[in-house]
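Enquirer: Okay, here's the structure, questions in a sec.
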Amino acid sequence: MKKGIDVGGSFIKVLWEDGKREKVYVRNVSKNKEAFVERLREIIREGNPTKVGIAVAGFTSLEGVVYRSPNIPALDGVDIKKLLLEEGISGFVLNDVSAGAFGEWYYDHRDSRNLLFVAIGTGLGAGFVCEGRVFLGSCGSALELGHHIVEKDGELCSCGRRGCLEAYCSSYGLERIYKKLSAGESLKDYQIVLRAKEGDQKAQEAIETFKDYLTIGLMNAVHIFNPDRVVLGGGLIQQLREFMDDMETRLKKAVEAFPSQCFKLDFSKCGEFCMARGALALALADDR
């Protein structure tokens with residue numbers, strides 16, 4: 001039986017072909033290379049899978065080597081494909097949101113020729129599926145949409161650059177926007193969303209600013225990739241869902257008239273196992 005694995009900084013999530021789900025806490029070893037790799041190896045071989053797809057939160061090469069994982073320092077430089085081979089298991093290794101994009105296409109949007117998936121939570125990631133194949137670029141780092149510049153000399157991003165889309169459209173981006181609008185009050189993303197739902201004007205204004213930047217980022221992506229489907233997902237998007245119904249209208253107004261006719265915008269329904277689902281889909285699709 002095949003399974004998909006989503007390797008994150010706090011949890012490793014597993015989704016089996018029969019629907020079984022597992023969630024393993026790993027934050028306590030996320031900075032310990034030896035311990036983290038050994039735990040991942042155990043999870044890979046558990047249940048004797050016939051094939052495994054692995055989605056990794058980080059810059060991952062076409063050969064399955066994690067170049068850098070900001071939230072999982074223990075994985076920097078780790079050859080995950082080699083772990084699979086050492087266990088005698090065939091499979092795939094790629095960036096988590098690229099895997100998530102394939103899962104969106106495979107399970108929910110097979111009618112799409114060009115699908116753009118944007119996931120927003122702690123950070124902002126994206127993936128692109130063209131004619132049923134994941135677009136990974138020349139070395140595996142394509143679709144780093146969160147790190148294209150939307151504001152010259154703007155806010156500091158987690159990557160160290162300034163003005164990245166992620167610096168505005170992420171959990172910490174929303175928190176920073178609110179702090180500036182409220183004259184220094186610090187709240188967590190979920191607290192801002194809760195206040196907005198209760199009618200707080202500053203919280204609602206922060207969300208509107210978030211959506212303005214998201215529209216700019218998505219507009220740029222639509223102009224570059226000309227997708228027929230744009231799918232938004234991730235934990236923060238789930239929290240903000242009731243404030244997002246106008247995103248397709250906003251985006252179509254921002255985009256040039258011709259490409260705006262080609263796409264529709266949807267919201268992901270796969271929840272927290274989205275990236276594991278995508279990794280599983282890659283393992284399943286390989287047998288088509």
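Enquirer: Hey, what angle do you get for helix 33-45 against the long axis of the chain, alpha-carbon based, 0 to 90 degrees rounded to 10?
Expert: Taking the Cα atoms of the chain, the angle to 33-45 is about 70 degrees.
Enquirer: Starting from the amide H of Val231, placed 1.01 Å from N in the peptide plane, find each other amide H under 5 Å away whose residue is 5 or more places distant or on another chain.
Expert: Leu116, Phe117, Val118, Asp266
Enquirer: Rounded to whole Hz and in sequence order, give me ³J(HN,Hα) for the range 114-125 from the Karplus expression 6.51 cos²θ - 1.76 cosθ + 1.60, θ = phi - 60°, writing x for Gly and Pro.
Expert: 9, 10, 9, 10, 10, 10, 10, x, 4, x, 10, x
Enquirer: Further question on the same structure: Which whole-Hz ³J(HN,Hα) couplings does the range 212-219 yield from phi under the Karplus relation 6.51 cos²θ - 1.76 cosθ + 1.60, θ = phi - 60°, glycine and proline marked x?
Expert: Once rounded to whole Hz, the list reads 4, 5, 4, 4, 4, x, 5, 4.
Enquirer: Please identify the trypsin sites (Lys or Arg not before Pro) of the range 150-217 that satisfy two criteria: DSSP loop assignment and at most 11 other Cβ atoms within 10 Å. Which are they? Write down the numbers at each step before the final one.
Expert: Working: sites: Lys152, Arg161, Arg162, Arg176, Lys179, Lys180, Lys188, Arg195, Lys197, Lys202, Lys211; in loops: Lys152, Arg161, Lys188.
In loop regions of the range 150-217 (DSSP not H, G, I, E or B), the sparsely surrounded trypsin sites (Lys or Arg not before Pro) are Lys152.
Enquirer: Build a GNM of the chain with springs between Cα atoms under 10 Å: which of Gly154, Gly233, Gly140 gets the top mean-square fluctuation?
Expert: In this elastic network of the chain, the residue with the biggest mean-square fluctuation among Gly154, Gly233, Gly140 is Gly154.
Enquirer: Have a look at Gly127, Gly88, Gly53 and tell me which one the Gaussian network model of the chain (Cα, springs below 10 Å) gives the largest fluctuation.
Expert: Gly88
Enquirer: Then there is this: To the nearest 20 debye, what is the magnitude of the charge dipole of the chain about its Cα centre, counting +1 on the Cβ of each Lys and Arg and -1 on the Cβ of each Asp and Glu? Kindly include the intermediate steps, with their values, before the conclusion.
Expert: Values: 39 positive and 41 negative charges, 48 e Å.
Charge dipole of the chain: 220 debye, to the nearest 20.
Enquirer: Using r as the Cβ-Cβ distance of Arg110 and Arg162, and R0 as 30 Å, what FRET efficiency do you calculate, to the nearest 0.05? Each step should come with its number before you reach the end.
Expert: Details: r = 40 Å, r/R0 = 1.32.
Calculated transfer efficiency: 0.15.
Enquirer: Could you list which residues have their amide H under 5 Å from that of Thr60, counting only those 5 or more apart in sequence or on another chain, with H placed in the peptide plane?
Expert: Tyr67, Asn95
Enquirer: Given springs between every Cα pair under 10 Å in a Gaussian network model of the chain, which of Ala276, Ala35, Ala55 has the largest fluctuation?
Expert: Looking only at Ala276, Ala35, Ala55, the biggest GNM fluctuation is shown by Ala35.
Enquirer: Karplus couplings for the range 200-207 from phi (6.51 cos²θ - 1.76 cosθ + 1.60, θ = phi - 60°), rounded to Hz, Gly and Pro as x?
Expert: Couplings: 5, 5, 5, 5, 5, 5, 4, 5 Hz.
Enquirer: No solvent, one uniform scatterer per C-alpha: report log10 I(q)/I(0) for the chain via the Debye equation at q = 0.08, 0.14 1/Å, two decimals.
Expert: Debye intensities relative to I(0), on a log10 scale: -0.33, -1.01.
Enquirer: With contacts defined as alpha carbon pairs under 8 Å and 6 or more residues apart, what's the relative contact order of the chain in percent? Write out the running numbers ahead of the final one.
Expert: Details: 600 pairs, mean separation 60.2, N = 288.
With pairs under 8 Å counted, the relative contact order is 21 percent.
Enquirer: Looking at Thr50, Phe225, Ser61, which one has the Cα that reaches farthest to the positive end of the dipole of the chain (charges on Cβ: Lys, Arg +1; Asp, Glu -1)?
Expert: After comparing all options, I get Thr50.
Enquirer: Just the number, please: Stokes-Einstein D of the range 122-269 in µm²/s, Kirkwood Rh from C-alpha pairs, 20 °C, 1.002 mPa s.
Expert: Working: Rh = 16.0 Å.
For these conditions, the coefficient is 134 µm²/s.
Enquirer: Just to confirm my numbers, what's the Cα centroid distance between the range 35-59 and the range 89-162 in Å?
Expert: Taking the Cα centre of the range 89-162 as reference, the centre of the range 35-59 is 21 Å away.
We did not get these values from a lab; they are worked out from the coordinates using the rules stated. Keep in mind it's a predicted model, so treat the numbers as computed, not measured. Reconstructed Cβ throughout: ideal geometry from the backbone, glycine too, with neighbour counts over all protein chains shown.
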